[in-house]
Amino acid sequence: MNKKDFIREIIEEDLRTGKHRMVCTRFPPEPNGYLHIGHAKAVCLDFGVAQEYGGACNLRFDDSNPTKEKQEYIDAIKADIRWLGYDWGDHEYYASDYFIQLYEWALQLIKKGKAYVDDLSAEQIREYRGTLIEPGTPSPFRDRSIEENLDLFERMKNGEFPDGAKVLRAKIDMAAGNMNMRDPVMYRIIHTAHHRQGDAWCIYPTYDWTHGQSDSIERITHSLCSIEFEDHRPLYDWFLEQLGVYHPRQIEFARLNITYILTSTRKLRRIVEQGHVRGWDDPRMPTLAGLRRRGYTPASIRDFCGRISIAKAATTIDIALLEHCLREDLNKHASRVMAVIDPVKLVIDNYPEHQVEELDAINNPEDPSAGTRKVPFSRVLYIERDDFREDAPRKFYRLTPGREVRLRYAYFVKCVDVIRDNKGIISEIHCTYDPATRGGDAPDGRKVKATLHWVSAHHARQIEVRLFEHLFIREDPNEAGEGQDFMTNINPQSIEARTECYIEPGVMPVTPGDTYQFERLGYFTADQDTHPDRVVFNRSVTLRDTWAKVQQQRDKAL
C-alpha cells in the first residue's frame, strides 16, 4: 500500500511541519472474534504507513468486555497479523492494562461534575436519549452531588450492586445533535471474570471511554479509524480535553465493503454459533483464517488491499478483484498437476494392455526454473465427465463419438464407442489412439480443437475435493425482505464435497497448505483435514478471471 492517499498526505504534512518527529499508529482489535478481510485493510494501512515513514505500529487489544472476549481470539488475531507479514515487536498492549488509570480519570471527571452515577436501566437510557429530531430528557439522577457520585461509583467498583443496576455516565448535553454526546455510558457493572485481570474488577469501561484514552497513553500520533467512528470523534475529543491529556489525531477512512461478503464480526459470530459453517476458519468465511485455509496467500491479500482506495466515501468492491489478486499470485508460484474431479473411464482399445509410459509434463509455464515431472500414461484413464458429450451441441469441441481430441502431453484419441451401466449412465468411453502423435501434433498436419487433461486409472491417487460458492446468494448480504435479516441470504449450496476424485501420483505425499493448479479446473489447496489416509483439497479459486476480462474491455473502450 504505497499509493498516495489523503491519510499519507496528512502524515507527510505533519512530519514536514514538525508537528511530529515520528509516526506512531496502532491496530486496536476487540478480541471478540476472528479478523476478517475488512480488518486486513486496516492492518495493511496501520502497519504499512508506520513502516513507510520509519515509525511504529502498536498492537493493542481493546479488551474491555469480558462477556465476549477469549484468549482464543487474541491468539488467532496475532497469528493472522503475522501471517499477513507484519510484526509489532515489543509493542503489544492491552486496554485492560489501563483499567486503573481509566478508573482514576473517571474519578477526576466525577470531581469536576462531568460524570454521574445513573440508576436508569439500559432500556430507559435509550428512551431518555431522544431521537435525531428530538432532544433527550435528562435522567432524574443527573444532578446527584459529587460526593454521592463518588460514593456510589466506589461501591459499584466494590461489587455492592448487581449487573445493570447502575452505570457511570458522562455529563455532556442531552440536547446535542450528535447522539453520542447525550451523556454516554462510561462504565457498566459486569460480574464476569476478565481473561487478563481475573476477578479484580466488576465494573468495565465502555469502548468509547477506553479508546481515546488508550491512544493518549500510548502517544499515538495518527489514530486511523473506519468511518463509523467519525461521529464518535467529538466524544473522544471531549474526554481528552476534559482530562487535559495528550491528544492524538483521529482520521477516519471508509470501511471495506465487498460483494457477497459480510464484514461484521457480530454477524459472523452468529453464523458460526448457529452452525451454518464449520467454525471461524471455514473456507467459506471471509475471516483471514478461513481465507488462509481456502488457499489465499498473504501476498494476494496485501495486493488486494493495495489496489483498493483509501478514501472517505464508501464504495463496494467487486469480489472478482479479490479473486483476481489470488490468481495473479498463484499463477506465478503454484505447480501444475492433472486431476479429475468428476471422473469417467476412458479406455484406449488399441493401446497395449500392460504398457506404461512416463510422459514429460511442465510444472509451471510461468517459471521455467520449476522444471518438468514424469506422469504415467496407460491404457485406462480417467477424464472429466463434462469433457464428453454423446449428442454434442454445435460449439462443443471436446470429445464426442467420431471426433478426435488431444490428451495433454500424450496422444490424439478418437471416440469409437461408449458403455453404459444398468442405470443408463455412461461408465466407459472407448477410443483409439494414434501412436504418431505423442506429445505434439499429427505428422500429417491434421488438427484438433480441444486438449483434455487426464490421469492414469491404475496409478492415480484418490482424493476428496471441496468446491465452494459464495456464502451468500445476494451481492449485498444485508439486503433482506421485510421482517427478515441477512441470515435468509445464506446460500444452502455454498459447499459441495466430491469424494471420488483422482490426481496424478507424483503429488503425494500432500501436506496441508500445499497449493496446485489443477489444469483446466482451478487452484486447489490441501485442507487441514488432510492426513496420510485422506487427502482433501479446497478449491481456492477457479481459472476464469472475470475481473481481468472486464478490465481488458474497459481498456479497449478507452
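The values are calculated or read from the model by the stated rules, or taken from the named source; none is laboratory data. Model, not experiment: these values are computed from the prediction. Note that each Cβ is placed from the backbone with ideal geometry, even for glycine, and that neighbours are counted across all protein chains shown.
For residue 55, are the conditions met, namely being surrounded by fewer than 22 Cβ atoms within 10 Å (Cβ to Cβ) and within 29 Å of residue 8 (Cα to Cα)? Lay out the reasoning, then the answer.
Details: surrounded by fewer than 22 Cβ atoms within 10 Å (Cβ to Cβ): yes; within 29 Å of residue 8 (Cα to Cα): yes.
Taking the combined requirement at face value, the residue satisfies it.
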Please find, within the stretch 415-440, the residue that is modelled with the highest pLDDT out of those that are in a loop (DSSP other than H, G, I, E, B) and within 23 Å of residue 376 (Cβ to Cβ). 438
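Residue-by-condition table, conditions (1) closer than 20 Å to residue 538 by Cβ; (2) out of contact with any strand residue (DSSP E or B) (no Cβ under 7 Å at 6 or more places or on another chain); (3) not hydroxyl-bearing (Ser, Thr, Tyr):
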residue: 275; (1), (2), (3): yes, yes, yes
residue: 279; (1), (2), (3): yes, yes, yes
residue: 291; (1), (2), (3): yes, yes, yes
residue: 303; (1), (2), (3): no, yes, yes
residue: 324; (1), (2), (3): yes, yes, yes
residue: 330; (1), (2), (3): yes, no, yes
residue: 346; (1), (2), (3): no, no, yes
residue: 350; (1), (2), (3): no, no, yes
residue: 365; (1), (2), (3): no, yes, yes
For residue 449, indicate whether it is without any contact (Cβ under 8 Å) to a residue 12 or more places away in the chain, out of contact with any Ser or Thr (no Cβ under 7 Å at 6 or more places or on another chain) and not in a helix (DSSP H, G or I). no
Condition check for residue 226: crowded, with 19+ Cβ neighbours inside 10 Å and either assigned by TED's automatic domain parsing to the domain that holds residue 53 or hydroxyl-bearing (Ser, Thr, Tyr) (or both): no
The lone exception for residue 531 - which of (1) without any contact (Cβ under 8 Å) to a residue 40 or more places away in the chain; (2) closer than 18 Å to residue 322 by Cβ it fails: (2)
Counting only residues that are under 20 Å from residue 283 (Cβ atoms), touching a helix residue (DSSP H, G or I) at 6+ places or on another chain (Cβ under 7 Å) and of a type in the set (A, V, I, L, M), the stretch 460-512 contains a total of 1
Six or more apart or on different chains, Cβ under 7 Å: which pairs go from a residue in the stretch 32-50 that's farther than 21 Å from residue 290 by Cβ to one that's of a type outside the set (Asp, Glu) and assigned to a helix (DSSP H, G or I)? Could you list them? 49/7; 49/8; 49/11
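Is it true that residue 219 is over 23 Å from residue 105 (Cβ atoms), surrounded by fewer than 19 Cβ atoms within 10 Å (Cβ to Cβ) and out of contact with any helix residue (DSSP H, G or I) (no Cβ under 9 Å at 6 or more places or on another chain)? Even if it seems obvious, please write down each step before you answer.
Numbers: over 23 Å from residue 105 (Cβ atoms): no; surrounded by fewer than 19 Cβ atoms within 10 Å (Cβ to Cβ): yes; out of contact with any helix residue (DSSP H, G or I) (no Cβ under 9 Å at 6 or more places or on another chain): yes.
When the stated conditions are applied, residue 219 does not pass them.
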For the stretch 381-435, name all the residues that are farther than 21 Å from residue 521 by Cβ, in contact (Cβ under 8 Å) with a residue 24 or more places away in the chain and hydrophobic (A, V, I, L, M, F, W, C). 412, 415, 416, 418, 431
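Please pick out the residue among 7, 100, 74 that is part of a helix (DSSP H, G or I) and under 30 Å from residue 312 (Cβ atoms). Give the steps one after another, and end with the answer.
Details: 100 fails: under 30 Å from residue 312 (Cβ atoms); 74 fails: under 30 Å from residue 312 (Cβ atoms).
It is 7.
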Mind telling me which of the residues 346, 330, 359 ends up being at pLDDT 95 or above and more than 30 Å from residue 416 (Cα to Cα)? 330
Output for Cβ contacts, cut-off 9 Å, separation at least six or different chains, first residue closer than 11 Å to residue 173 by Cα in the stretch 121-142, second of a type in the set (S, T, N, Q), reads 129/137
Let me spell it out: the conditions are (1) buried (at least 16 other Cβ atoms within 10 Å of the Cβ); (2) without any contact (Cβ under 8 Å) to a residue 40 or more places away in the chain; (3) under 20 Å from residue 7 (Cβ atoms), and residue 237 meets all of them except one. Which number is the exception? (1)
With respect to residue 470, is the statement that it is modelled with pLDDT of 95 or more, under 38 Å from the mean Cα position of the chain (by Cα) and surrounded by fewer than 19 Cβ atoms within 10 Å (Cβ to Cβ) true? yes
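Out of 37, 10, 74, I need the residue that is among the hydrophobic types (A, V, I, L, M, F, W, C), within 21 Å of residue 198 (Cα to Cα) and assigned by TED's automatic domain parsing to the domain that holds residue 102. Which one?
74
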Please work out if residue 303 is charged (D, E, K, R), free of Cβ contacts under 8 Å to residues at least 40 places away in the same chain and closer than 29 Å to residue 524 by Cβ. yes
Per the filter on the stretch 386-404, residues in contact with an Asp or Glu (Cβ under 8 Å, 6 or more places away or on another chain) and either closer than 19 Å to residue 457 by Cα or not assigned by TED's automatic domain parsing to the domain that holds residue 438 (or both) are 386, 399
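The rows are residues; the columns are (1) under 23 Å from residue 86 (Cβ atoms); (2) of a type in the set (A, V, I, L, M).
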| site | (1), (2) |
| --- | --- |
| 250 | yes, no |
| 253 | yes, no |
| 259 | no, no |
| 263 | yes, no |
| 272 | no, yes |
| 276 | no, no |
| 300 | yes, no |
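Do you know which residues across the stretch 391-409 are farther than 21 Å from residue 501 by Cα and at pLDDT 95 or above?
Of the residues in the stretch 391-409, the ones farther than 21 Å from residue 501 by Cα are 391-397, 400-406.
Across the stretch 391-409, the qualifying residues are 396, 397, 400, 401, 402, 403, 404, 405, 406.
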